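Inspection log for the structure reproduced underneath, given as structure tokens.
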Amino acid sequence: MNAEDSPREPAEHARFAACMADLEQVAEADETELVGRVLADPDQVMARAAVVRHLDRRAAELCPGPAWEEWAAAMARAVAAHAFLTRRLREWSLLRAVTLGLPWHADELLASSDWLQLKAAAGPDSGALGVLAEHGRTKRIRHTARAGLTRRGSG
């Protein structure tokens, strides 16, 4: 089979890979601008997928540290027109509060996505495990939270 007969990578896959590479290497000072450029791509599914991966990676890196507040505020402005990305960033803020023992509300946790509930259920106990063991949205979330409570009780 020659090169002309081989299947070509779809253009959006190549753009996604390029966006991810750019987002992984961007300087902090240029991050907000780059996120905006990615979100301006005509293929909004690809653009949001790249940005949510970036948000997840950066939030996990910055979550416990002092740089979080400024970064989260900048990203909130950059993704303001994108409901899913805005929610993901808000949920990272809630997860940060739960994880660090900052003030949070059970109602907000219970109204959050399965993604956040599962992340909180798998994390350290800060009051969230009891809430999720009893009222988590899915069996998996409730089971994961109960397992965390059991580990804590036996440790």
Go through ALA40, ALA14, ALA49 for me and flag whichever is farther than 17 Å from TRP71 by Cβ, modelled with pLDDT of 95 or more and surrounded by fewer than 14 Cβ atoms within 10 Å (Cβ to Cβ). ALA40
Among the residues in region 92-111, are any out of contact with any Phe, Trp or Tyr (no Cβ under 6 Å at 6 or more places or on another chain), within 26 Å of ASP41 (Cα to Cα) and modelled with pLDDT of 95 or more? yes
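Where in region 1-106 are there helices (runs of 4 or more DSSP H), lying wholly inside it, with at least 2 residues that are more than 29 Å from HIS135 (Cα to Cα)? Steps first, please.
On the way: elements: 11-25, 31-39, 44-62, 68-78, 83-100.
Qualifying helices (runs of 4 or more DSSP H): 11-25, 31-39, 44-62, 68-78.
Could you pull out the residue among GLY101, GLY130 that is without any contact (Cβ under 8 Å) to a residue 24 or more places away in the chain and more than 18 Å from the chain's Cα centre (by Cα)?
Numbers: GLY101 fails: without any contact (Cβ under 8 Å) to a residue 24 or more places away in the chain.
Only one candidate qualifies: GLY130.
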Hey, ILE141 hits all of (1) touching a residue at least 24 places away in the same chain (Cβ under 8 Å); (2) outside any helix (DSSP H, G or I); (3) surrounded by 15 or more Cβ atoms within 10 Å (Cβ to Cβ) but one; which does it fall short on? (2)
Evaluation of GLY101 against (1) in contact with a helix residue (DSSP H, G or I) (Cβ under 9 Å, 6 or more places away or on another chain); (2) surrounded by fewer than 18 Cβ atoms within 10 Å (Cβ to Cβ) (one fails), failing number: (1)
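The values are calculated or read from the model by the stated rules, or taken from the named source; none is laboratory data. All values reported here derive from a predicted model rather than from experimental measurement. Don't worry about glycine lacking a Cβ; one is built from the backbone with ideal geometry, like all the others, and counts go over all protein chains shown.
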